[in-house]
Amino acid sequence: NEESLYSRLGMQFMPPEIRGGALEIDLAVSKDIPRFVEVSGIRGDLHTHTDWSDGRDSMEAMVTVAKMRGLQYIAITDHSAGRGIANGLSIERLKNHMALADDVERKIGGIRVFSGTELDIRADGSLDYPDDILRDLDWVVASVHSAMGQDLPVMTERIIAAMRNPYVSAIGHLSTRLIGQRKPVEADYEQIFKAAKDTGTALEINSSLERLDLKDSHIRRAKEMGVMLVISTDAHTTEGLSNLEFGTRLARRGWCEARHIMNTLDVD
């Protein structure tokens, strides 16, 4: 098998995800390949949707399945009102959503349910909810869902402006790509990674098979720059919660260890 072949060559086993013809051969010879993050090490999912917005399943169902999958915590991040699509939540509905999250956590037990949102980063970099609402949430994912054809400098500043908001926890699916359907936005990712580091904003590795965003080269560069990353499913169904596996494979392609991924941390 592969393990014995590498051993016979006097090399450390190279996980398939990192075999790209770069430094991994030298590191295998010197036996310095790190231990990369594994899906079994992911403790929580911090981007999920329910039937409150454009998801299919109820909050209770999503939390129940997350608990069955062994997660310690889940953030319910239904959409903001935004452009009036995806059945986004008004401020009043969001407050009711937050109350339900507390009720579901008490009812199911054994798993923390974080109140959250996925809110739109508007074309001018402003956000859908005011700060006095955002400060009451546990987890805030800010994402671009519109005006994706903006010029590189405009898009770059737009995303960085969202990061400067102290209540934004993470940027969701940064490039906005849909594989085979939509190209990524034009942006200066190097500047964005620096801003993420400076502001303490996490960048999401979106595990949805239609997105897989960030891509591996961006993950590796962000990691090198000291950006905290989070692997999330962006699940819209209970079945979608299983997609953590694909985001974890992406993180491994980006040479991420558990210490580079925020949601390998215990709930405390």
_Can you tell me, using C-alpha contacts under 8 Å and at least 6 residues apart, the relative contact order of the stretch 14-87 as a whole percent?_
29 percent
*Please figure out what share of the DSSP beta bridges in the chain is antiparallel and state it in percent, rounded to the nearest 5.*
10 percent
*Relative counts (whole %) of C-alpha pair distances in the stretch 1-130, using bins that are 5 Å wide*: 2, 10, 15, 15, 10, 8, 8, 8, 9, 8, 5, 2, 0
*Could you rank the peptides 136-147, 216-227 by their average count of other C-beta atoms within 10 Å per residue, with the highest value first?*
136-147, 216-227
*Helix-only mean residue ellipticity at 222 nm for the chain, each DSSP H run of n ≥ 4 adding -39500 (n - 2.57), per residue, nearest 500*: -9500 deg cm²/dmol
_HN-Hα J in Hz across the stretch 173-180 - Karplus 6.51, -1.76, 1.60, θ = phi - 60°, x for Gly and Pro_ = 4, 3, 7, 6, 4, 10, 4, x
*Taking 7 Å along the Cα-to-C-beta vector as the label spot, tell me the M148-E210 distance in nanometres, rounded to one decimal.*
1.0 nm
*asked:* Straight-line reach from K194: which lysines fall under 20 Å, measuring Cα to Cα and dropping same-chain residues less than 8 apart?
replied: K215, K223
*What are the residues whose amide H is under 5 Å from the amide H of A81, where those residues sit 5 or more places off or on another chain and H is modelled from the backbone?*
L89
*Specify which residue in the list P184, A162, I111 is farthest towards the positive end of the charge dipole of the chain, using unit charges on the beta carbon of Lys, Arg (+1) and Asp, Glu (-1), about the Cα centre.*
P184
_If you take every DSSP beta bridge fully contained in the stretch 73-224, what fraction is antiparallel? Give it as a percent rounded to 5._
15 percent
*I76's amide H: which non-local residues (gap 5+, or another chain) put their own amide H closer than 5 Å, with H modeled 1.01 Å from N in plane and none for Pro or chain starts?*
F114, G116
*asked:* With θ taken as phi - 60° and the coefficients 6.51, -1.76 and 1.60, list the Karplus ³J(HN,Hα) couplings across the stretch 213-228 in order, rounded to whole Hz; mark glycine and proline as x.
replied: 9, 6, 7, 4, 5, 5, 4, 5, 5, 4, 4, 4, 8, x, 7, 7
*asked:* Students often check this: by mean Cβ neighbours within 10 Å, which of 119-126, 44-51 ranks highest, and how do the rest follow?
replied: 44-51, 119-126
*Environment charge of S80, counting only residues whose C-beta is closer than 9 Å and scoring Lys/Arg +1, Asp/Glu -1*: -4
*Between I108 and E257, what FRET efficiency follows from the Cβ-Cβ distance if R0 is 45 Å, with the result rounded to 0.05?*
0.90
*To the nearest whole percent, what portion of all C-alpha pairs in the chain is separated by more than 26 angstrom?*
41 percent
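Which net charge results when you count Lys and Arg as +1 and Asp and Glu as -1 among the other residues whose beta-carbon is under 12 Å from that of G172?
Value of the local net charge: -4.
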*Of all accessible heavy-atom area on the chain, the percent that carbon and sulfur account for (1.4 Å)*: 50 percent
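Need one number: % antiparallel among DSSP beta bridges in the stretch 1-158, to the nearest 5.
Expressed as a percentage, antiparallel bridges in the stretch 1-158 total about 5.
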*Rounded to the nearest 10 degrees, what's the angle between the helix 189-199 long axis and the longest principal axis of the chain, both from Cα atoms, 0 to 90?*
70 degrees
_Phi-based couplings in Hz for the stretch 90-100 (Karplus 6.51, -1.76, 1.60; Gly and Pro marked x)_ = 5, 4, 5, 5, 4, 4, 5, 4, 5, 5, 5
*What size of dipole, in debye to the nearest 20, comes out for the stretch 64-166 about its Cα centre when the only charges are +1 on Lys and Arg C-beta atoms and -1 on Asp and Glu C-beta atoms?*
400 debye
*Using +1 on the beta carbon of Lys and Arg, -1 on that of Asp and Glu, and nothing else charged, what's the dipole of the stretch 109-268 about the Cα centre, debye to 20?*
600 debye
*Assign one of three labels to the stretch 145-193, namely rounded, prolate or oblate, based on the Cα gyration tensor with a ≥ b ≥ c the square roots of its eigenvalues; rounded applies when a/c is under 1.5, prolate when it is not and a/b is larger than b/c, and oblate otherwise.*
prolate
*Local net charge near D102, Cβ-Cβ under 13 Å (Lys/Arg +1, Asp/Glu -1)*: -1
*asked:* For the ranges 75-82, 156-163, what's the packing order if you count other beta-carbon atoms within 10 Å of each residue, average per peptide, and put the highest first?
replied: 75-82, 156-163
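The values are calculated or read from the model by the stated rules, or taken from the named source; none is laboratory data. Not measured: the values here are computed from a predicted model. Every residue, glycine among them, receives a Cβ derived from its backbone with ideal geometry; neighbour counts consider all protein chains shown. The accessibility values were calculated without ligands, DNA or RNA, using every heavy atom of the protein model including side chains. Shrake-Rupley method; radii C 1.70, N 1.55, O 1.52, S 1.80 Å.
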